[in-house]
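Everything on this sheet refers to the single structure shown next.
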Amino acid sequence: MKTLSGSYNLKTGEYSDFSEGVYSYVDGSLSVSVFGFAYTDGALNNGANLSVLYREHGADITKHLNGTYIVLFYDCDSGVLRVFHDRATSPVALYYAKNGGTVYFSTSLKDLLKKSGVERRFNESVVEEFLLNGFIYGDSTLVEGVKKLKAYKSLEVSGGTVKLNDAVYPMREMTPGQALDCFKQTLDDAVKNCIDGDETACFPLSSGYDSNYIAYVSTEICGKQSTAFSVGGKRGKNELPIVKENVKCYKNLELKSAVTDGSSLKNLPDIVYRLEGNVYESGIFLQYELMKLVSESGVKKLVCGECADQVMNVNYHKKGRIYPESPDGKPLYYEFSEYPYIFSSYLIFKKSGILANSFGIETVYPYLDENVISVCAPLGTISMKDKRVHVANCRACLNEEIFKNMSKKGGSTDCRSLFENDEEIKSFFKRIEGTEFYKKYSGLILSDSVFKKEKLSASKRIKTIIRNIILVMLHKKSDDSYLVEMKLRAYLCAAYLIIFKKLFIETDGFERDGCDIAFEDFIK
């Protein structure tokens, strides 16, 4: 696991570096550290170029960077420390906190808590938002006094103060027609950049368009020997059979797969330990199994197809969907197609990146390439919310059989696959309902999770009313599979928070090297 960590003494202006495994170097008075992959003029992690660019552009350096990264610059002559992250806020989070006269920061919450010694208090003010969305928008975290670097901001520490500056990212101006003309080549180049220099290209593979296009570029255009990874569930929806059929149509592609056996729930404590309370989503269980499979295969770098749906959504760049305001001051529900930037940066991206890093796997994301983002922006009015330009490109490029399989209904494995049978599900519900956490927050768990919306159109408001009625009926119709699935998602989020609270707030469990405590020992 790599961490970018350090501390800054506000009185002396001295910086101490605690980072592990990240790319770093010193150029004169300037110290540079990079988490992830920062591209400059096509060069990957070009150290000399980064320091040159920073001296030339200072706080505006993000206008000249590509990739998914956190970059730190510290000038020992001026005492100025600045930290930047990419447009999508990097594959991990940057946490920071002040204790005494020192500011501590780290890409690991565990590391920050250990080094800073800040008092650990559970942030009850964000529980409703976390139950609602599975993440916390903005700079708040589940620990009071600990913040995370916000989207479109950079962190500056100097002159005894900590402040946030606006960050601006590159955007090529073009018409929809120009964007259409260069869409395929731009996306192809982004994938090529991600696999350049790799003897074998490795990537997750689903039955969807995004990962299959990565497979197409890697195997068909680049002719690379490639390895795909896929995980399915024994119960519920499972796209692994489709993936296996598609793999037969590719050249030079090996598939490594696994099927969850109904025991994945036991991994929740370790999942919470690794995700550090940053994000919850029902897909974390398959994501965990996937990264475990990749790690056991000895793979250290993965090309991921996350965030394509969001980047190609017409709402991705709309300011009102990046900086939303709640009309009543209460948490908003960030529906994935209405708030694509927030949904991708705070949930999809983090679920993938943080889990991968915890297993020692570096991740790259071609759909978050700044050139791809620039091309997709003017195509928003064409693609709208269903990435139809990308789908049309896939239809033109991919094997006909593969495309036909992608047109079938796939979908991720549902929460029922975490349990062997219905009796286990009932037992899980009973265990959660017996906790102090449930007794305190049951109204939020049952009333708000997933079903709450912000201002809605008339049609959406009707749908929400229907959903809320269904939610009220949960206990009356617990045998209905859809209702059970919705209840499971809400209760699993509650279990996640219970475990987080015990690991990070009430005990020093976060200081362990991994979490081998049984799930049953947390939920009593």
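Where residues in the stretch 62-117 are among the small types (Gly, Ala, Ser) and without any contact (Cβ under 8 Å) to a residue 60 or more places away in the chain, which of them is nearest to LEU4 (Cα to Cα)?
ALA97
Does the stretch 90-103 contain at least one residue that is within 22 Å of LYS501 (Cα to Cα), touching an Asp or Glu at 6+ places or on another chain (Cβ under 6 Å) and β-branched (Val, Ile, Thr)? Please lay out each step first, then the result.
Residues of the stretch 90-103 within 22 Å of LYS501 (Cα to Cα): 92-99.
Checking the rest, the ones that are also touching an Asp or Glu at 6+ places or on another chain (Cβ under 6 Å) come to none.
The answer is no; no qualifying residue exists.
Could you grab me the full set of residues in the stretch 72-94 that are of a type in the set (A, V, I, L, M, F, W, C) and either more than 27 Å from ILE322 (Cα to Cα) or in a strand (DSSP E or B) (or both)?
We begin by selecting, within the stretch 72-94, every residue of a type in the set (A, V, I, L, M, F, W, C); these are 72-73, 76, 80-81, 83-84, 88, 92-94.
Residues satisfying the conditions are LEU72, PHE73, CYS76, VAL80, LEU81, VAL83, PHE84.
Hey, can you tell me all the residues within the stretch 174-183 that are closer than 18 Å to ARG395 by Cβ and surrounded by fewer than 17 Cβ atoms within 10 Å (Cβ to Cβ)?
Selection gives ASP181 alone.
Under the condition of being among the aliphatic types (A, V, I, L, M) and loosely packed, with under 15 Cβ neighbours inside 10 Å, which residue from the stretch 28-80 is modelled with the lowest pLDDT? Give the derivation first.
Residues of the stretch 28-80 among the aliphatic types (A, V, I, L, M): 30, 32, 34, 38, 43-44, 48, 50, 52-53, 59, 61, 65, 70-72, 80.
Now restrict to residues that are loosely packed, with under 15 Cβ neighbours inside 10 Å: 43, 48, 52.
Values: ALA43: 57, ALA48: 64, VAL52: 89.
That would be ALA43.
Hand me the list of strands (runs of 3 or more DSSP E) wholly inside the stretch 200-306 holding 1 or more residues that are of a type in the set (A, V, I, L, M, F, W, C), crowded, with 17+ Cβ neighbours inside 10 Å and within 23 Å of the chain's Cα centre (by Cα).
Details: elements: 200-204, 225-233, 253-260, 301-303.
Where strands (runs of 3 or more DSSP E) fall fully within the stretch 200-306 and carry at least 1 residues being of a type in the set (A, V, I, L, M, F, W, C), crowded, with 17+ Cβ neighbours inside 10 Å and within 23 Å of the chain's Cα centre (by Cα), they are 200-204, 225-233, 301-303.
Scan the stretch 322-351 and report the pairs whose first residue is under 20 Å from LYS148 (Cβ atoms) and in contact (Cβ under 8 Å) with a residue 24 or more places away in the chain and whose second residue is hydroxyl-bearing (Ser, Thr, Tyr) and surrounded by fewer than 16 Cβ atoms within 10 Å (Cβ to Cβ), with Cβ atoms within less than 7 Å and a gap of 6+ or a chain change.
From the stretch 322-351, the pairs are LEU332/SER326.
Report, by residue number, each residue of the stretch 1-20 that is part of a loop (DSSP other than H, G, I, E, B), closer than 24 Å to TYR273 by Cβ and at pLDDT 95 or above.
In the first step, residues of the stretch 1-20 are kept if they are part of a loop (DSSP other than H, G, I, E, B); the result is 1-2, 4, 10-14, 18-19.
Those left that are additionally closer than 24 Å to TYR273 by Cβ: 1-2, 4, 18-19.
Passing the criteria: LYS2, LEU4, PHE18, SER19.
Could you please let me know if SER352 is among the hydroxyl-bearing types (Ser, Thr, Tyr), modelled with pLDDT of 95 or more and either in a loop (DSSP other than H, G, I, E, B) or under 29 Å from ASP270 (Cβ atoms) (or both)? Can you show your working first?
Working: among the hydroxyl-bearing types (Ser, Thr, Tyr): yes; modelled with pLDDT of 95 or more: yes; either in a loop (DSSP other than H, G, I, E, B) or under 29 Å from ASP270 (Cβ atoms) (or both): yes.
When the stated conditions are applied, SER352 passes them.
Any idea which of LEU187, LEU180, LEU112 is outside the structural domain of ALA377 (by TED's automatic domain parsing), assigned to a helix (DSSP H, G or I) and not β-branched (Val, Ile, Thr)?
On the way: LEU187 fails: outside the structural domain of ALA377 (by TED's automatic domain parsing); LEU180 fails: outside the structural domain of ALA377 (by TED's automatic domain parsing).
It is LEU112.
The values are calculated or read from the model by the stated rules, or taken from the named source; none is laboratory data. Since the model is a prediction, treat every value here as computed from it, not as a measurement. Virtual Cβ from ideal backbone geometry, glycine too; neighbours counted across all protein chains shown.
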